[in-house]
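Below: one structure, written as structure tokens.
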Ligand SMILES: [Zn+2]
């Protein structure tokens, strides 16, 4: 059985949300290196994070679903600074790098994940941690209240 990694996470919580959602859509998927991360989060860089893996035949469908989940998630999250829902995934250092931006949109952010950051297209607020706050994470509400 050929397994492919469709995304790598540093966060146990958001990984499990996506795992559950993919399984709900009928995709057989697994987590790799999960145990190491849970025991010691500081080891996550050493082992490359938590890998979400699927069967090769499901890769395309799973990636498409992840993209939809991301879109759904971005639409549900407001910018902590200005309240806009226009949160986009952009390359970290330069927004001029359109090829990288387009590729990451087409292929999923796992392709260039280390170089990406979430940015509000209204006020240019940037956050690397936003994608980890999947659904009902108390931290999201806290940052809204601070506004
Ligand atoms: Zn904003």
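The values are calculated or read from the model by the stated rules, or taken from the named source; none is laboratory data. Every value quoted in this text rests on a predicted model; they were computed, and no experiment measured them. All Cβ positions, glycine included, derive from the backbone under ideal geometry; neighbour counts span all protein chains shown.
Quickly run through the stretch 1-32 and pick out the residues that are assigned to a helix (DSSP H, G or I), at pLDDT 80 or above and within 19 Å of residue 128 (Cβ to Cβ). Residues satisfying the conditions are 15, 17, 18. Just one residue in the set 103, 89 is at pLDDT below 75, assigned by TED's automatic domain parsing to the domain that holds residue 126 and crowded, with 19+ Cβ neighbours inside 10 Å; that residue is 89.
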